[in-house]
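So the structure is just underneath, and the comments pick up after that.
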Amino acid sequence: MDGHQVSKQDLAQQFAQALMLEQTRFIKKQLLAEQHNPYIEKFVHHIYTSSDQILLKQIIQLEALQDVVQKYAFELNLGAEILEFIGVVSQKIHHFAINSHTQINELLSDESFELWMYKILELDQLRHYIHDNLQHNPQVKHVSLQLANQILESNTPWLDHLRKLNTHQHGLGSKILGFIQDQQQHIELKLEQQLAQALVKQLGHIILLPNEELADIALHLWEDVKQRSLKETYSQFQAIDFEDFFILVYETWRQLRQSEYLQQVVLDVVAGFYNYFANYNLQELLQSVGLNEADLHQEARRFLPYTLQVLEQQGLLDGIIQELISPFYSSETTHQFIEQYLQENL
C-alpha cells in the first residue's frame, strides 16, 4: 500500500513538472511571436479596458507618492559615473552648437518672443518695485559708484600719472602738486557721484518707460539677436564652460532642495496634483496626457519584442517564466490535487 502511495506521489510530481515545462514552452512561444503577440496584445488591452474601473486614490496613497518625491527629488544623489556622463554630453552639445548654422529665431520664433516680451511688460507692479529699490538700495548706490569710477578712469588715462604721484616730499613744488592732486581727486569724486546718480536715474527712467517704448526697444534688439547663428553665439564659450554650467546647475539644485521652503512647495504641488486627480480613473489620467489604447499597444510593440528576443538569446527567458509559474507546480497542494484527480479518473 505504501509503495503504491509513493508511486502516485512520484507520478503527480512528474506530471506537475511536465506541465510546467509545457506551459513554459507555450508562454515563450506566445511571447516571441513576431507578427502577432497575443500575450502582449491581450495584456495591454485588458489593462486599458479595466483602467476605467480603478481610481487613482484606490491604488496610490498621497503619503506613498510624497515618499517617492522625498527620496528621488530631495535625497537621491547622482553617482560619479552620471556626473562624468553629464560632462561628456555637455561637450557634445557644445561641439554641435559651434558647428551649427541654425539661427536663434529658428529656435524662438518672433511670435514666441513677443508673447514673452509683452507678458513681462505687463508686470507693472514688479517694474515699480525694481525702480524703488534702485533709488533707495545702498548696495545699488555702492555698485553704481564703482561703475562710475571705472568709467571715469577708463576715459581719462592722461590723469593716471597725477593720480599715482607721490607728493609727500617737502618743498613748494610738492605742496603745489599736492594741492592740485587733492583738487583733482575732489573733482573726480564729485563727478563719480553725479555719474552714479545719473546712471541709476537713467536706468530707473528706462524701467518706467511706457510699454510701447520698451517694446520698441526690445524688438529692435531682437531684430539683431535673432539673426545670429548658434555657431556665432556659442563660439564665445569653451566646452569646459558648458560642462561647468551643467554641474553648477546640479550642485545648486542639491543645495536648494535642502531648504524647508522649497521642499514644502514641491510637496504641496504633489498634494495638489493628488487632490485634483484623486477621483479620476486611470483611463482618464492616460487620456489627460494624450494617450489612448493604440498608443499603449504601439509602445509595447516598440520595446517588448526586442527585450524578449534578447532574453531568449541569453538563455534567460525560460528561467524568468518558470520563476513566475513554478511555485504553483512545486506546491504540495498542487501535487495532492493531481494525485487525487488521477486516482479518481484512472
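The values are calculated or read from the model by the stated rules, or taken from the named source; none is laboratory data. Quantities reported herein were computed from a predicted structural model and do not represent experimental measurements. Here Cβ is always computed from backbone atoms with ideal geometry, including for glycine, and neighbour counts include all displayed protein chains. Heads up: the accessible areas ignore ligands, DNA and RNA and are worked out on the full protein's heavy atoms, side chains in. Shrake-Rupley method; radii C 1.70, N 1.55, O 1.52, S 1.80 Å.
Tabulated results
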read-out	value
For region 59-108 and region 302-346, distance of Cα centres in Å	41
q = 0.12, 0.13 Å⁻¹: log10 I(q)/I(0) that the Debye formula gives for the chain, counting C-alpha atoms only	-1.35, -1.40
Overall Cα dimensions of region 184-246 - principal axes, largest extent first, Å	47, 36, 20
Mean ellipticity per residue at 222 nm, deg cm²/dmol - from DSSP H runs of n ≥ 4 across the chain, formula -39500 (n - 2.57)	-25500 deg cm²/dmol
The chain - accessible surface per residue (Å², probe 1.4 Å)	73
Accessible area (Å², 1.4 Å probe, nearest 10) - residue 114	70
Given 201/231; 8/42; 29/92; 119/201; 119/231, the pairs whose alpha carbons are separated by over 31 Å	201/231; 8/42; 29/92
Environment charge at residue 337 (Cβ cut-off 15 Å; Lys +1, Arg +1, Asp -1, Glu -1)	-2
Rounded accessible area of residue 72 (nearest 10 Å², 1.4 Å probe)	130
Under the Karplus curve 6.51 cos²θ - 1.76 cosθ + 1.60, θ = phi - 60°, whole-Hz ³J(HN,Hα) for region 125-140, x wherever Gly or Pro sits	4, 5, 5, 5, 5, 5, 4, 5, 5, 4, 6, 10, 7, x, 5, 5
Largest-first principal axis extents of the Cα set of region 185-293 (Å)	75, 40, 39
Fraction of the pair-distance distribution of region 246-328 above 20 Å, Cα-Cα pairs, percent	68
